1. Counting only protein heavy atoms, what percent of the accessible surface of the range 1-51 is carbon or sulfur at a 1.4 Å probe?
2. Using a 1.4 Å probe on the protein heavy atoms only, what accessible surface does T120 show? Give it in Å² to the nearest 10.
3. Provide the per residue accessible area, probe 1.4 Å, for the range 4-73, rounded to a whole number of square angstrom.
4. Probe radius 1.4 Å, ligands and nucleic acids left out: which of V39, V49, V160 has the largest accessible area, and how do the rest follow?
5. Whenever you get a sec, line up D35, D97, D23 from highest to lowest accessible area (probe 1.4 Å, protein heavy atoms).
6. With every protein chain in place, what's the accessible area of S87 (1.4 Å probe, Å², nearest 10)?
7. Using Cα pairs under 8 angstrom and six or more residues apart, how large is the relative contact order of the range 1-155, in percent?
8. Please list, in order along the range 93-102, the HN-Hα scalar couplings obtained from phi with the Karplus expression 6.51 cos²θ - 1.76 cosθ + 1.60 (θ = phi - 60°), rounded to whole Hz, x for Gly and Pro.
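The values are calculated or read from the model by the stated rules, or taken from the named source; none is laboratory data. The shown structure was predicted, so the numbers you read here are calculated from the model rather than taken from an experiment. Keep in mind that these areas ignore ligands, DNA and RNA; they rest on the heavy atoms of the full protein, side chains included. Shrake-Rupley method; radii C 1.70, N 1.55, O 1.52, S 1.80 Å.
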Amino acid sequence: MIHRERLHQLAAFLRESERILADFDAWREEHSDLDGWPVDDAEHSRHAVKRDADTWRSFNRVRSFAKELLATAEVQIQQLNPAHIQSRWPWQLGVLDHALEQLGALQREWFEARDALPPTARPGDFAYDDALAERNEEAWSYLDDWASHGGVLLEIQAAVQDLPPRSPALTSATTYARPAAPVPAPSPVARR
């Protein structure tokens, strides 16, 4: 199923982005003074540029179908009994949707900036790499939103798989979770 494959790609992005950030944080911790300031600003910037580029590259495995993932999750939430919906899910989906819109705008701006470069500009040229690094830097917080909140799409999928769909006959009075039935007392065992 296409949706499951896309969720696998999302899970791969989540794992990879976590590793990218952990690597950057470990490097920063090792190369900062006691107050947390980088010992070498240029080297810190170089590592931040790499973190941003690696995270963008990793998100590209999801970006082309991220909107469909969000739309599917919205439908899935509607199929769940409200008692099984985490209150944070709609907010997280909103954060992801906003981040995706911003990433799309940044990509369009990057294409415009790239097209305005001299025809000879290629990866490895300062002007090209600088414009690309600027896009990646501006995208970082939105990529981090996806890294931080993207797991909600997996949670919603898991909830749909684990729970029966919402019954159309449910009313607002019956949408709350019922208390668990009491456990019957064990039957007495005859003593010998």
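1. Details: 1980 of 3730 Å².
Carbon plus sulfur share of accessible area: 53 percent.
2. Surface open to solvent at T120 totals about 110 Å².
3. On the way: 4290 Å² over 70 residues.
Heavy-atom SASA per residue in the range 4-73 reads 61 Å².
4. On the way: V39 115, V49 70, V160 40 Å².
I get V39, V49, V160, largest accessible area first.
5. Numbers: D35 130, D97 45, D23 85 Å².
From most accessible down to least: D35, D23, D97.
6. 110
7. Details: 108 pairs, mean separation 53.5, N = 155.
This gives 34 percent for the range 1-155.
8. With coefficients 6.51, -1.76 and 1.60, one gets 4, x, 4, 5, 5, 4, 4, 5, 4, 5 Hz.
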